[in-house]
Amino acid sequence: MPQPQKTYLITGTSSGFGLALVHALLARGERVVATARKLSSISHLEETNPNVRTLELDVTSSQEEIDRVVGEAVGCFGGGIDVLVNNAAYLQGGPLEICGPEKFLEVYNTNVVGTVKVTRAIMPHFRAKRSGVVVFMGSIAGWSGEVGAAAYCASKFALEGIYESFAKEAALFNITSLIINPGYFRTQLFSPTNVRIELQDTPDNAYAPVLEQMSAFAKAIDGNQPGDPAKAAERIVDVLRGEGVAEGKKMPKRLILGGDTVEIVRGKCEETLKEVAEWEEVSLGTGF
């Protein structure tokens with residue numbers, strides 16, 4: 001039985017997962033309101049398919065400006081928005097000591113606060129119709145902290161906590177939530193124009209080997225990631241539409257994508273359970 005056509009609002013669609021999702025959704029007959037910081041980077045999408053609209057949306061803008069753009073998105077096709085995909089993000093690299101609080105605030109402003117602002121903007125619409133799906137784009141970095149990636153990993157760990165609380169709040173209004181945790185996929189995340197590595201070392205150059213390793217890794221991994229974003233987008237659409245590989249299954253709370261992420265998540269869970277068991281006597285000896 002054919003599914004009713006739905007409308008998706010997606011942030012950060014100029015490349016990577018955002019763009020792959022736009023194409024995958026349009027291929028299945030869905031409608032998409034695609035957004036990006038620069039409208040010129042996505043305006044061509046409207047020329048190829050009548051089911052797509054493009055809007056300029058910088059998630060670091062004020063709440064008032066984001067409310068305005070989301071309100072415009074709600075009216076693009078006349079039937080509102082059914083699914084929000086919070087995808088906009090960037091990668092900030094650099095050891096914690098030399099990255100500094102200002103860099104943490106910058107990456108948080110996009111990856112965390114931006115997501116909060118867009119989600120807040122859509123909630124009145126979803127609450128009014130008592131339906132909707134909110135998708136958070138997490139990461140393997142939200143499960144495993146890595147050397148030289150504290151700011152980015154912290155932002156993705158933060159999304160995990162925000163998602164868990166929000167999912168329970170949204171459920172009060174019959175709104176569904178999902179967080180997606182992809183591993184290394186061949187997107188533009190590590191491209192020279194996207195990745196930001198803080199290269200100003202300490203006066204004694206304490207992190208020189210780390211910075212060299214980080215720069216070398218970014219150059220080596222860019223364009224060589226094992227994951228195919230087009231295939232990932234198809235799996236995401238399957239899950240959101242409840243068809244294909246997800247047919248007959250209840251939507252998961254977390255969607256793990258990529259063999260590398262499966263390995264990291266399984267290992268983290270096993271390690272945590274082992275440590276809990278090993279230290280259980282100490283943990284339980286703290287009550288009155």
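The values are calculated or read from the model by the stated rules, or taken from the named source; none is laboratory data. It should be emphasised that the depicted structure is a prediction, and the values quoted were computed from it without experimental measurement. Cβ atoms come from the backbone with ideal geometry, glycine included; neighbour counts cover every protein chain shown.
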Practice task
Using the structure shown, decide if Asn181 is over 17 Å from Asn109 (Cα atoms), out of contact with any strand residue (DSSP E or B) (no Cβ under 9 Å at 6 or more places or on another chain) and modelled with pLDDT of 85 or more.
Solution key: no
Handout entry: Filter result (over 22 Å from Ala233 (Cβ atoms), in a loop (DSSP other than H, G, I, E, B) and modelled with pLDDT under 95) within region 139-178
Key = Ser144, Gly145, Glu146, Val147, Gly148, Ala149
Completion exercise
Within region 12-41, residues crowded, with 24+ Cβ neighbours inside 10 Å and in a loop (DSSP other than H, G, I, E, B) come out as Gly12, Thr13
Exercise for the section: Sort out which residues of region 122-138 are touching a strand residue (DSSP E or B) at 6+ places or on another chain (Cβ under 9 Å) and either more than 23 Å from Leu255 (Cβ to Cβ) or part of a loop (DSSP other than H, G, I, E, B) (or both), and write them in order of number. Expected result: Ser131, Gly132, Gly138
Practice task
Sort out which residues of region 50-95 are in a loop (DSSP other than H, G, I, E, B), surrounded by 14 or more Cβ atoms within 10 Å (Cβ to Cβ), modelled with pLDDT of 95 or more and more than 20 Å from the chain's Cα centre (by Cα), and write them in order of number.
Solution key: Asn51, Cys76, Phe77, Gly80
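Kindly indicate whether any position in region 135-148 is under 26 Å from Ala208 (Cβ atoms), surrounded by 20 or more Cβ atoms within 10 Å (Cβ to Cβ) and among the small types (Gly, Ala, Ser). Explain how you work it out, then say what you get.
Initially, region 135-148 is screened for residues under 26 Å from Ala208 (Cβ atoms), giving 141, 144-148.
Going one step further and asking which of them are surrounded by 20 or more Cβ atoms within 10 Å (Cβ to Cβ), we end up with 141, 148.
From what's left, among the small types (Gly, Ala, Ser): 141, 148.
Among the residues of region 135-148, at least one is under 26 Å from Ala208 (Cβ atoms), surrounded by 20 or more Cβ atoms within 10 Å (Cβ to Cβ) and among the small types (Gly, Ala, Ser), which makes the answer yes.
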